[in-house]
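The values are calculated or read from the model by the stated rules, or taken from the named source; none is laboratory data. Keep in mind that what you see is a predicted model, and the values were worked out from it rather than measured. Cβ: placed from backbone, ideal geometry, glycine included. Neighbour counts: every protein chain shown. Accessible surface areas use protein heavy atoms only, side chains included; no ligands, DNA or RNA. Shrake-Rupley method; radii C 1.70, N 1.55, O 1.52, S 1.80 Å.
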Amino acid sequence: MLHTVEKIGGTSMSQYQAVRDNIVLYNRKNDNYYQRMLVVSAFGGITDGLLECKRTGAPGVYATFADAEDDNAWEQSLDNVSQRMAQINEEMFGATPERALADAFLRERIAGIRDCLHHLRRVCAFGQFQLAEQLQTIRELLAAMGEAHSAHNMVLYLRQSGVNAILMDLTGWRTDDALPLDEVLNEALARVDLSSQLPVVTGYAHCKEGLMSSFDRGYSEMTFSRLAVLSGAREAIIHKEYHLSSADPRLAGEDEVIPIGRTNYDVTDQLSNLGMEAIHPQAAKGLRQQGIPLRVRNTFEPEHEGTLITTDYRSPAPCVEMVAGRRNLFAVELFDQDMVGRVSHYAEGFTDELDKMHLNLVAKDMNANTLTYYLAGNRKQVRRLVSSLQRHFDNAEVTTHKVSLVSAVGSDMSIPGLLARSVGALNKAEVPVRAVHQSLRAVEMQFIVDDEFYEQAVVALHDELVQTHADTVALAVA
């Protein structure tokens with residue numbers, strides 16, 4: 001229980017000097033670099049180029065390969081992303097010997113991927129072989145390239161500073177068998193001496209379960225979590241480009257938001273539901289069950305201890321810790337006068353249709369004859385859902401609305417009058433409230449507003465529920 005397992009996100013990795021100076025070397029001497037493992041993501045934008053842009057959906061190598069009739073399109077995408085990776089090598093290493101090593105590693109991997117895709121195209125020209133059956137494997141092969149590149153580069157970069165960094169390559173490059181994830185990790189851990197080596201670990205791990213089929217772009221968090229659990233880490237740490245704060249500083253103001261400091265896994269689950277993952281819920285599960293604390297730190301403020309997340313934490317006094325939200329949701333409302341007394345039947349049918357469309361349920365409301373589900377997805381999926389619901393429930397009336405959800409979240413929000421204060425603050429800010437939900441467990445309170453009022457709602461609730469509380473505490477201390 002001496003070591004830590006630490007994950008470094010893609011945006012932070014792109015600031016490789018900050019990773020070296022603020023994470024690896026900060027306040028440490030030569031004999032104190034170790035007893036830790038670094039699980040790294042690809043450099044910022046590289047996985048988007050290899051797969052597809054997470055934000056806009058613009059196609060990368062994978063999407064182009066899956067859709068193209070000829071090889072020119074995906075080969076051009078592969079050339080583009082490999083050029084960006086070579087440029088990163090140049091920026092990191094200049095004319096040093098490490099540059100030659102980084103370029104050679106990159107050329108070998110890219111050439112292997114290119115050959116693999118060409119051979120697969122030829123094989124799938126025969127009717128007995130279907131390209132669709134191989135696409136998930138290709139997606140994993142391409143995703144692994146991003147982490148292999150960043151991890152190898154970081155090993156070379158840290159060695160330049162006298163750190164005995166080693167590459168823990170979990171990508172399964174040119175291996176024959178896919179073992180269960182825990183076996184893959186245990187075999188890798190058996191080859192490491194944490195007292196004198198600093199493993200830099202690829203966020204992608206090739207395994208029998210196929211991490212991407214379950215977690216897609218969240219696979220690195222699962223690798224990070226299982227490494228911490230299997231190695232018995234004293235703490236798991238995620239390094240991000242921002243603090244886990246009381247609100248989005250771009251909305252509430254950098255000088256107004258407050259780093260949370262302490263919270264629990266219950267709160268991180270609520271944030272995950274809002275699309276603001278501190279950590280994937282399944283990755284958090286292992287840490288929570290083993291009692292391993294999770295810390296979220298800001299890469300660019302190494303002196304700050306960040307936010308510590310534990311299972312048993314409860315705020316000393318009831319309070320709202322964070323105001324967060326999710327934009328661009330679709331409220332799908334199913335009304336049927338015949339629903340009375342049969343709500344469970346309608347809810348089951350609604351849920352079955354949701355599963356078929358692969359839409360993400362964020363929240364829901366119900367009364368005697370109406371079900372309203374708040375969904376994350378695109379307009380095309382929602383239209384298909386509405387059509388299916390109308391076929392499934394002949395007499396029902398199905399309508400949709402574009403909305404946003406704004407939540408007050410905290411480990412203990414059992415505050416008398418909190419709902420009234422919140423509605424009052426929104427009313428004062430002239431934000432119409434479409435729906436409200438307050439849970440009995442007092443960890444979240446949700447407000448549905450029209451999309452255009454999202455920013456106003458976040459600022460109004462943060463000012464009333466977080467900033468006012470912070471000012472009161474400060475006065476009491478003074």
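Some notes on this structure:
- FRET efficiency estimate (nearest 0.05) - Cβ-Cβ, residue 442 to residue 174, R0 41 angstrom: 0.15
- Annotation: amide H-H contacts under 5 Å for residue 262 (H modelled 1.01 Å from N, sequence separation of 5 or more, or interchain): 308.
- Kyte-Doolittle at least -0.5, axis length at least 27 Å by Cα - qualifying DSSP helices, the chain: 97-123, 135-159
- Between residue 107 and residue 30, residue separation times 0.36 nm minus the direct Cα-Cα distance comes to 24.4 nm.
- In Å², nearest 10: area of residue 285 left accessible to a 1.4 Å probe: 80
- Only lysine pairs 8 or more places apart or on separate chains count here, and in the chain those with Cα atoms under 21 Å apart total 12.
- Ranked order, 40, 257 - accessible area, probe 1.4 Å, largest first: 257, 40
- Shape analysis of the chain yields a ratio of the Cα radius of gyration to the Kirkwood radius, Rg/Rh, of 1.00.
- Restricted to Cα atoms, the range 127-258 shows a radius of gyration and a Dmax of 18.0, 62 angstrom.
- Under-5 Å amide H pairs with residue 165, H placed in peptide plane, nonlocal only: 159, 198
- In order through the range 294-310: 3J(HN,Hα) via Karplus (6.51 cos²θ - 1.76 cosθ + 1.60), integer Hz, x for Gly, Pro: 10, 10, 10, 10, 8, 4, 9, 10, x, 6, 8, 6, x, 10, 9, 10, 10
- Taking all protein chains together, 23, 258 sort by accessible area into 258, 23, largest first [probe 1.4 Å].
- Probe 1.4 Å - accessible area at residue 96, Å² to nearest ten: 50
- Net lengthening on full extension, residue 255/residue 54 (0.36 nm per residue, minus Cα-Cα): 69.4 nm
- Vicinal HN-Hα couplings computed from phi for the range 37-44 (Karplus, 6.51 cos²θ - 1.76 cosθ + 1.60; Hz; Gly/Pro x): 10, 10, 9, 10, 8, 5, 4, x
- Restricting the calculation to Cα atoms, the range 372-414 shows an Rg/Rh of 1.17 when the hydrodynamic-style radius is the Kirkwood one.
- To the nearest 10, the accessible area of residue 300 is 90 Å² with a 1.4 Å probe.
- Structure-based [θ]222 nm, the chain - -39500 (n - 2.57) summed over DSSP H runs of at least 4, per residue, nearest 500: -13000 deg cm²/dmol
- Three-way shape call for the range 1-83 based on the alpha-carbon gyration tensor, with the a/c threshold at 1.5: prolate
- Debye-sum result for the range 66-174 in log10 I(q)/I(0), which assumes one identical scatterer on each alpha carbon, at q = 0.15, 0.16 Å⁻¹: -0.70, -0.77
- Theoretical gain in end-to-end length, residue 380 to residue 190 [0.36 nm per residue, Cα-Cα removed]: 63.5 nm
- For the chain: relative contact order, % (alpha-carbon pairs under 8 angstrom, 6 or more apart): 14
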